[in-house]
């Protein structure tokens, strides 16, 4: 998890009131992702709530598809940690169909694996973890999924 901590430290050195709004949204999405994979969920939720108005604006702008899908992914992760497995599963299944990059699909499969694991469906969980590992090969996900 050292790389995520390094990411936080690098992001902390950047003035978050910079350039333009799109870069600000991306900055916070990167920050939230690092916090989530460091399992600092409460801090991530606080930051998200503080920037919720900005995120809500970008979740509806179709020309910023990658950003709005990243925001939805963060919401899916928070739903998972709030034990709203139905909502979380729905978000990740929807994103699986929409997202084209392997790393994004791998993260979706990873969280679907965690959801099915919590539900006690170990066969479905394993299938998603295997897909996450395959799609996330040579990324941080290969260390999370054994």
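The values are calculated or read from the model by the stated rules, or taken from the named source; none is laboratory data. Treat the numbers as computed from the prediction; the structure is a model and nothing was measured. In this analysis, Cβ positions are derived from the backbone assuming ideal geometry, glycine residues included, and neighbour counts consider all displayed protein chains.
Residues being part of a helix (DSSP H, G or I) and either modelled with pLDDT under 95 or over 27 Å from residue 68 (Cβ atoms) (or both): count how many of those fall in the range 112-125.
Qualifying residue count, the range 112-125: 6.
Inside the range 1-52, can you point out the residues that are loosely packed, with under 11 Cβ neighbours inside 10 Å, more than 17 Å from the chain's Cα centre (by Cα) and more than 24 Å from residue 64 (Cα to Cα)?
Those that are loosely packed, with under 11 Cβ neighbours inside 10 Å, more than 17 Å from the chain's Cα centre (by Cα) and more than 24 Å from residue 64 (Cα to Cα): 2, 9, 12, 13.
Is the range 126-137 home to any residue that is in a loop (DSSP other than H, G, I, E, B), surrounded by fewer than 17 Cβ atoms within 10 Å (Cβ to Cβ) and over 12 Å from the mean Cα position of the chain (by Cα)?
Scanning the range 126-137 turns up at least one residue that is in a loop (DSSP other than H, G, I, E, B), surrounded by fewer than 17 Cβ atoms within 10 Å (Cβ to Cβ) and over 12 Å from the mean Cα position of the chain (by Cα).
When only residues in the range 81-109 that are buried (at least 22 other Cβ atoms within 10 Å of the Cβ) and over 25 Å from residue 22 (Cβ atoms) count, which is modelled with the lowest pLDDT?
Result: 109.
Which residues, counting only those in the range 43-88, are in contact (Cβ under 8 Å) with a residue 40 or more places away in the chain and more than 12 Å from residue 32 (Cα to Cα)?
64, 67, 81
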